[in-house]
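So the structure is just underneath, and the comments pick up after that.
What follows draws every value from the coordinates through simple rules; no lab data is involved. The model shown is predicted, which means the values in this text are computed figures rather than measured ones. Cβ: placed from backbone, ideal geometry, glycine included. Neighbour counts: every protein chain shown.
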Amino acid sequence: MTTIVSNPLKGKHIVLGLTGGIACYKAAELCRSLIRQEATVQVVMTDSACQFMTPVTMQALSGNTVYANQWDARIHNNMAHIELSRAAHAILIAPCSTDFIAKLAHGHCDDLLSALCVARPAQVPLLIAPAMNVEMWQKPATQRNIRQLIDDNVRILGPGEGDQACGEVGLGRMLEPDQLIAEMLAAFTPKSLAGKRVLITAGPTFEPIDPVRGLTNLSSGKMGYAIAQAAYEAGADVQLISGPTALNTPYGCIRHQVQTAQQMHDAVFDRISKQDIFISVAAVADWRITNVSKQKLKKNTGDDFPKLTFEQNPDILAEVAALSRPPYCVGFAAESENLIKYSTIKRLKKNIPLLVGNIAQNTFGLNQNEIVLFDDKGHHSLPLADKTNLARQLIIEISHRI
Ligand code: C5P
């Protein structure tokens with residue numbers, strides 16, 4: 001049975017609270033990104049936030065009336081704090097200032113945003129993205145308040161570290177909008193892999209011929225990276241071993257960069273004994289060149305072409321599957337024809353419980369894919385969808401099997 005999953009944020013109503021801080025400018029992008037994820041956004045701003053960003057901007061971006069005043073008579077019953085918090089699936093305060101953290105820690109409610117946080121029903125999660133100067137973040141009072149909020153089940157997102165608008169450097173930067181989106185997606189994903197350690201290989205490998213040339217393939221890494229993100233959303237501790245790609249490390253995952261199949265093999269075996277699940281998505285080169293030239297091969301005229309000699313690369317997945325206590329192994333097969341036949345044979349030959357088959361020319365470099373899952377009960381297809389969506393479906397399929 002195929003489980004159809006949609007984007008975890010689709011249809012979710014998010015109250016996005018802005019408090020006073022220069023990071024308000026990032027809240028504009030965050031609002032758009034939430035809408036791109038098919039959430040609806042109700043913006044609520046404090047007076048100080050209105051000094052940094054006008055409600056008109058947030059109104060235009062969210063498509064909803066922005067509320068900033070506790071006594072706003074536009075809302076039914078004049079009880080904005082009740083109405084707005086009851087409608088929310090989650091409340092996200094981004095940026096969350098030092099002062100607002102202190103207010104939340106002490107249960108103050110002398111403005112609309114703090115009042116609706118205090119008034120929120122128990123099932124509505126409160127997430128905050130602190131944004132402040134490094135000294136303000138490190139002050140004992142702030143840290144005390146953060147500990148109190150953690151005890152009170154408030155999720156603290158970040159802060160990040162780096163250059164600050166004030167010119168100082170350190171902890172206190174608000175997370176970037178894409179990082180906050182990753183956190184929000186994770187917040188709405190059931191934790192089907194909670195506590196599981198997952199190792200994923202992704203992308204192509206690159207086998208050198210000389211210092212500037214090599215053999216590689218058209219794998220973009222998109223499928224493997226999407227699976228890493230989906231595993232993180234599902235609560236796993238994720239490490240990604242990646243060949244050369246142009247992709248950013250998925251939020252929350254640890255990435256180890258490699259180039260050759262042998263390096264990928266070694267990076268996998270350095271970590272494999274501690275893993276619960278191994279997902280081998282990488283398009284690993286089958287052969288490597290034995291006569292790699294130390295210097296760049298020179299172009300000769302005539303037909304004096306370089307003579308390359310090859311040897312077999314290790315089969316990482318087959319070696320992992322052959323361990324005495326292997327993790328749960330998932331392989332991929334990229335075939336150009338006879339997908340069902342070749343994938344069935346490949347799964348049995350590599351001795352793995354689950355293999356994902358796809359047509360190479362329909363996946364390499366693309367954002368969408370169609371996959372077929374092969375296990376000892378047979379096979380079934382997951383229809384054409386974005387790789388992020390397929391990755392989430394695959395993670396659910398894996399979680400049902402481990
Ligand atoms: O043997 P073949 O390349 O067709 O199998 C594909 C599967 O095996 C993929 O999961 C791929 O990541 C893995 N593989 C591997 N090491 C290799 C070749 C493939 O782990 N040398």
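Values as computed for the structure displayed
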quantity	calculated
Simple label model, 7 Å out from Cα along Cβ direction - Arg36 to Glu311, nm	4.7
For the chain: relative contact order, % (alpha-carbon pairs under 8 angstrom, 6 or more apart)	12
Residue with peak Gaussian network fluctuation, the chain [Cα springs, cutoff 10 Å], from Leu215, Leu317, Leu34	Leu215
With 5 Å bins from 0: P(r) over the range 13-187, alpha-carbon pairs, percent	1, 9, 19, 24, 22, 15, 7, 2, 0, 0
All lysines inside 19 Å of Lys103 as judged from Cα atoms, apart from same-chain residues fewer than 8 positions distant	Lys139
Distance between the range 273-327 and the range 192-256 - C-alpha centres, whole angstrom	17
Angle in degrees between helix 24-36 and the longest Cα principal axis of the chain, rounded to the nearest 10	60
Neighbourhood charge, 13 Å Cβ-Cβ cut-off, centred on Gly170 and excluding it, Lys, Arg +1 and Asp, Glu -1	-2
Nearby lysines by direct alpha-carbon distance to Lys299 (threshold 27 angstrom, same-chain neighbours under 8 apart not counted)	Lys307
Taking the C-alpha atoms of the chain, convex hull volume expressed per residue in Å³	188
Angle between the chain longest axis and helix 140-151 axis [Cα atoms, degrees, rounded to 10]	70
Candidates Phe188, Phe310, Phe269: whichever shows maximal mean-square fluctuation once the chain is modelled as a Gaussian network with Cα springs under 10 Å	Phe310
Subset of Lys222/Lys298; Lys350/Lys377; Lys222/Lys274; Lys191/Lys387; Lys26/Lys387; Lys12/Lys387 violating a 23 Å alpha-carbon distance limit	Lys222/Lys298; Lys222/Lys274; Lys26/Lys387
Eligible aspartates and glutamates near Lys294 by straight Cα distance, threshold 17 Å, same-chain separation 8 or greater	Glu207, Asp210
Exposure proxy order (Cβ contacts within 10 Å, fewest to most) of Glu83, Glu207	Glu83, Glu207
Folded to 0 to 90 degrees: helix 177-187 orientation relative to the chain principal axis, Cα	90
